[in-house]
Amino acid sequence: MDTHILLVEDEEKLARFVELELLHEGYQVTKSGNGREALELALREPFDLILLDIMLPGLNGLEVLRRLLREKEVPVILLTARDAVMDKVSGLDAGAVDYITKPFAIEELLARIRVALKLHKGRNASAQGEEHAHQEGVLTWGALTLDEPRHQVKYDGHEISLTNREFLMLKTLLENRDIVLSRETLLNRVCGYDFVGETNIVDVYIRYLRSKIDDVFGVKMIHTVRGVGYVIKSEA
Ligand code: CA
């Protein structure tokens with residue numbers, strides 16, 4: 001079944017551009033340029049994901065978000081203006097899964113959509129009692145295991161000592177295998193959205209992880225995608 005995305009954006013040129021890219025990726029797209037109309041659509045139809053602009057005619061995007069999430073659970077990514085820090089904070093508090101600042105690179109938006117869809121699917125699966133993955137809470141990559149409940153990482157049985165943030169970074173990369181995560185996304189997941197600092201702190205943690213895993217065990221686990229971010233690939 002097609003993944004159906006509701007795109008709520010009143011800047012027509014931007015909406016058309018994003019729509020074409022989403023269609024090209026194989027998503028089904030419904031567009032709306034009005035907050036009130038978008039809320040009605042979102043309440044009526046089962047969308048898999050919603051891209052929601054904040055400054056909208058009819059009803060403000062944050063209000064759409066609050067009213068919508070009171071009624072149903074659906075992943076929402078906010079499209080925010082640069083410097084609209086309060087909008088981002090309010091939006092995440094209200095339950096948006098992510099935000100992206102305009103103007104954005106389309107590749108980054110697409111990556112965030114994939115992450116949001118995957119995380120949501122994972123949450124639904126465990127909510128539906130598919131206890132296997134949930135119960136074990138163990139991620140593996142080759143000889144590496146990350147045991148979340150025990151907060152333990154091992155390679156071929158050898159325990160690797162990681163700080164909390166290194167652990168979170170590794171977990172995020174392992175959970176999103178084959179998806180290139182931007183430094184901003186990694187920073188948000190690892191340090192929290194309210195973290196004030198440079199995204200190159202991510203590079204520092206990646207270096208620590210590589211020095212503790214890749215270098216010690218002679219593997220190439222974390223790949224750098226120049227200009228984009230980092231990815232752990234599935235084993236071939
Ligand atoms: Ca707008």
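Some observations on this one:
- For Glu40, the stated conditions do not hold, so it cannot be described as in contact (Cβ under 8 Å) with a residue 60 or more places away in the chain and not hydrophobic (A, V, I, L, M, F, W, C).
- The set of residues in region 45-57 that are more than 11 Å from the ligand (Cβ to nearest atom) and surrounded by fewer than 19 Cβ atoms within 10 Å (Cβ to Cβ) comprises Glu45, Pro46.
- Residue match in region 37-44 (condition: at pLDDT 95 or above, over 22 Å from Phe104 (Cβ atoms), within 16 Å of the ligand (Cβ to nearest atom) and assigned by TED's automatic domain parsing to the domain that holds Val97): yes
- Test: Asp194 is open to solvent by 70 Å² or more (accessible area, probe 1.4 Å), acidic (Asp, Glu) and at pLDDT 90 or above: no
- Screening Arg66, Arg16 for residues that are open to solvent by 60 Å² or more (accessible area, probe 1.4 Å) and away from the ligand (no atom under 16 Å from the Cβ) leaves exactly one candidate, Arg66.
- Odd one out for Leu170, checked against (1) part of a strand (DSSP E or B); (2) at pLDDT 90 or above: (1)
- Filtered residues of region 134-168 (kept if out of contact with any strand residue (DSSP E or B) (no Cβ under 9 Å at 6 or more places or on another chain) and of a type in the set (A, V, I, L, M, F, W, C)): Leu168
- Of all residues in region 91-117, those satisfying the criterion of being small (Gly, Ala, Ser) and either in the same structural domain as Glu184 (by TED's automatic domain parsing) or more than 16 Å from the ligand (Cβ to nearest atom) (or both) are Ala94, Gly95, Ala105, Ala111, Ala116.
- Residue among Asp203, Asp215, Asp178 that is touching a residue at least 12 places away in the same chain (Cβ under 8 Å), acidic (Asp, Glu), part of a helix (DSSP H, G or I) and open to solvent by 30 Å² or more (accessible area, probe 1.4 Å): Asp203
- Listed by position, the strands (runs of 3 or more DSSP E) inside region 1-67 whose residues that are aliphatic (A, V, I, L, M) number at least 2 are 4-8, 49-53.
- Single unsatisfied condition, Ile50 versus (1) touching an Asp or Glu at 6+ places or on another chain (Cβ under 9 Å); (2) closer than 22 Å to Gly122 by Cα: (1)
The values are calculated or read from the model by the stated rules, or taken from the named source; none is laboratory data. Here the structure is a predicted model, which is why all the values come from computation and not from measurement. We place every Cβ from the backbone using ideal geometry, glycine too, and count neighbours over all the protein chains shown. Accessible surface is based on the protein model in full, side chains and every heavy atom, while ligands, DNA and RNA are left aside. Shrake-Rupley method; radii C 1.70, N 1.55, O 1.52, S 1.80 Å.
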